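Trainee: Just dropping this structure here.
The values are calculated or read from the model by the stated rules, or taken from the named source; none is laboratory data. What you are looking at is a predicted structure, and each value in this text was computed from that prediction instead of being measured. Glycine also receives a Cβ, built like all others from the backbone with ideal geometry; neighbour counts cover every protein chain displayed.
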Amino acid sequence: MTQAALPAAKRWSSARAWAAGLPLSGKIGLALVLFWLLVALVGPVLAPYSTGAFVTYDVFEGSSPQHWLGSDYLGRDVLSRLLAGARYTVGLALVASLLAVVTGTGLALFATVSGRWIDESLSRFMDTLISIPSRIFALVLIAAFGSSLGLLLLILALTYVAGNYRIARSLAVNLDKMDYVQVARARGEGRAYVAVTEILPNMIHPLLADFGLRFMFIVLLLSGLSFLGLGVQPPDADLGSLVLENLSGLPEGALAILMPAVAIATLTVGVNLLIDALPARTRRMGGEG
Amino acid sequence: MASVPVPLERAPGTSFVLLRLIAGRVGSALLTLLLVSLVVFVISGMLPGDAAQEMLGQSATPAQVAALRHQLGLDVPAHIRYLSWLGGMLTGHSSYSLVANMPVGEIIGQRLPNSLILAGLTTAVAVPVALFIGIYSAMRRGTFIDRALNIGTLALVAVPEFLMATVGVLIFAVKLRLLPSIMLSTEHSSWGEFLRSYTLPVMSLAFVVIAQMARMTRAAVVDQLNRPYVEMALLKGVKPGRIVLCHVLPNAVGPIVNAIALSLSYLLGGAIIVETIFNYPGIASLMVNAVTSRDMPLLQTCAMIFCAAYLLLVLIADVVAILANPKLRSQ
């Protein structure tokens, strides 16, 4: 963990060297991811109109100098709504994947340093959750609890905890057999110390890659749910809701339905390209789950 | 897995060990299915309101709610409800759909064949295309076309189905006016009509499956192509096409079938979006309706069908991996 101690300028140049070392597909992915993070951060400030404002009498207008991406089914500015929707999609997915990774990894570390009995039963439980396809699991949870923003966040996170747990546990179990961990135990260090100080720092890179993967899955799940009308509820709208609400513009080929769908795809494709371009030792193949 | 004694002579012992391994997998899958049913039952039983209250609305008197609760069997303890629910599903005497007021089994019976047709057609389209792409790019590995296919499939894996469906409708139904944009009925008078109405749903579903399957197939074939026996065949002067067909494919068939089964599990999630978009009367859209109307018995049964299908595909992938791996076989 020497990186934190480096001066900012040096860190910047090492980050640039890292980015320059990526293959072309990775650079494209990185650019797309940075673009969408930036949009989520500052997009709503740049929005030319208010998200709810009716700015034109023409619905499903094409591109024009006043409205770059045209107007939606109620005559609102698509670009402004897209910028606001991106914040919901990226923000919710970031928080949910962080929650999923922290919970999954926390439980995995706990299982690794605890006794065999806890480890076995926790792992069996997680195996059961993995065996439920993620969309089905999310649908059952939504039917039971509803989908207010807070609950939606928890449901998204909960759906992918088990996938992260499986990866984190297999990493932690391998590290647990290492000599330095055994030495720390022999020294009489407590379980929490072994888990957090000895094991966790050495699995951080694969975990970051898994975080990216969870983020992509969660963006896809969230947009899918919103598209079905079960995710983010009006008046809030994420990118998936924008596709749904403009569905009536499909026969006209309206930009209002195409652009949000393309936005989601560029975000998820970007993440996928970036993760795939990471060095093999960092990346862990993780399937849907 | 408990350690299995290694038989000295392979002949009688091998098939026994093999059977034991496979039986172990089947047993474990059944156990998982049982645990999954428990999870589904517990989660869907935790709803804040209860179904009887939900159906009667705010103005119902407590007596009415209690009566309906009794009629629905909601006043029995949870573990007994779980057992009778499980028994009901196993024997086919499943519960009543709360909203449609019909036995769940009957509704599912009408919808399931439609979903199976959609899944079957998608499989029939996806498997040959994916195998072709996967094997072709493995043969050309390292070349420009392989890298282009690699990035293409990598990108496609992450594209949401509704973008595929939207773009498909836009091109084929709106601009070219070749295909209908929604499915109006499943009764078709002719083959042409059948093909016309299924093309877009199948296409939207197939892209992600093809991309995933092609990537896994490529990996399996490349793994074989790097083995010494391929180099030997090459040095002996066998043509590349023949090496792949006669030497590599017989050895890679296990991993490839494994890849097919795992990729097909992507169909289950995809169907939920695609059936809803195209207004297709299958069980995935039925499940979405069950969520919006909070029809728990229907939802539980649909969820269990999806989970069982998923576990079946994973089990097939597992068993094929065992059968295909001579090391696992002889251990």
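Trainee: Need a quick list: helices (runs of 4 or more DSSP H) entirely within region B:242-331 having at least 2 residues that are surrounded by 24 or more Cβ atoms within 10 Å (Cβ to Cβ).
Mentor: B:249-264, B:266-277, B:283-292, B:296-324
Trainee: For region A:138-161, check the following and say yes or no: at least one residue is polar (S, T, N, Q), within 14 Å of another protein chain (Cβ to nearest Cβ), surrounded by fewer than 24 Cβ atoms within 10 Å (Cβ to Cβ) and assigned to a helix (DSSP H, G or I).
Mentor: no
Trainee: Now for a different question. Quickly run through region B:164-193 and pick out the residues that are under 25 Å from the mean Cα position of the chain (by Cα) and at pLDDT 75 or above.
Mentor: Within region B:164-193, B:Met164, B:Ala165, B:Thr166, B:Val167, B:Gly168, B:Val169 qualify.
Trainee: Looking at (1) more than 20 Å from A:Val269 (Cα to Cα); (2) crowded, with 22+ Cβ neighbours inside 10 Å, which one does A:Ala96 not meet, given that it meets all the others?
Mentor: (1)
Trainee: Among the candidates A:Leu109, A:Leu79, which residue alone is among the hydrophobic types (A, V, I, L, M, F, W, C), crowded, with 18+ Cβ neighbours inside 10 Å and at pLDDT 90 or above?
Mentor: Answer to the check: A:Leu109.
Trainee: Check B:Ile243, B:Ile256 and return the single one that is more than 14 Å from chain A (Cβ to nearest Cβ) and touching a residue at least 24 places away in the same chain (Cβ under 8 Å).
Mentor: Just one listed residue meets the conditions, B:Ile256.
Trainee: Sticking with this structure for a sec: Condition check: part of a loop (DSSP other than H, G, I, E, B) and either surrounded by fewer than 17 Cβ atoms within 10 Å (Cβ to Cβ) or within 28 Å of the chain's Cα centre (by Cα) (or both). Does A:Trp36 satisfy that?
Mentor: no
Trainee: Okay, moving on. Filter region A:118-137 for residues that are among the small types (Gly, Ala, Ser) and in contact with a helix residue (DSSP H, G or I) (Cβ under 8 Å, 6 or more places away or on another chain); which is nearest to the other protein chains (Cβ to nearest Cβ)?
Mentor: Here the residue is A:Ser131.
Trainee: Got a number for residues in region B:270-312 being in contact with a Cys (Cβ under 8 Å, 6 or more places away or on another chain) and at the interface with chain A (Cβ under 8 Å from one of its Cβ atoms)?
Mentor: 2
Trainee: Only one residue in A:Trp117, A:Trp68 is over 23 Å from A:Arg214 (Cα atoms) and not in a helix (DSSP H, G or I), so which one is that?
Mentor: Answer to the check: A:Trp68.
Trainee: Please go through region A:20-30 and pick out each residue that is part of a helix (DSSP H, G or I), more than 10 Å from chain B (Cβ to nearest Cβ) and exposed (fewer than 13 other Cβ atoms within 10 Å of the Cβ).
Mentor: The answer is A:Ala20, and nothing else.
Trainee: Also, quick follow-up: Take B:Ala23 and decide whether it is at pLDDT 70 or above, in contact with a helix residue (DSSP H, G or I) (Cβ under 7 Å, 6 or more places away or on another chain) and on the phi < 0 side of the Ramachandran plot.
Mentor: In short, no.
Trainee: I'd like to verify a number: residues in region A:176-199 that are surrounded by 19 or more Cβ atoms within 10 Å (Cβ to Cβ) and touching a residue at least 60 places away in the same chain (Cβ under 8 Å), how many?
Mentor: Total satisfying the criteria: 3.
Trainee: Next question. From B:Leu178, B:Leu118, which residue is away from chain A (no Cβ under 14 Å), under 30 Å from A:Glu245 (Cα atoms) and buried (at least 20 other Cβ atoms within 10 Å of the Cβ)?
Mentor: Going through B:Leu178, B:Leu118 in turn, just one is away from chain A (no Cβ under 14 Å), under 30 Å from A:Glu245 (Cα atoms) and buried (at least 20 other Cβ atoms within 10 Å of the Cβ): B:Leu118.
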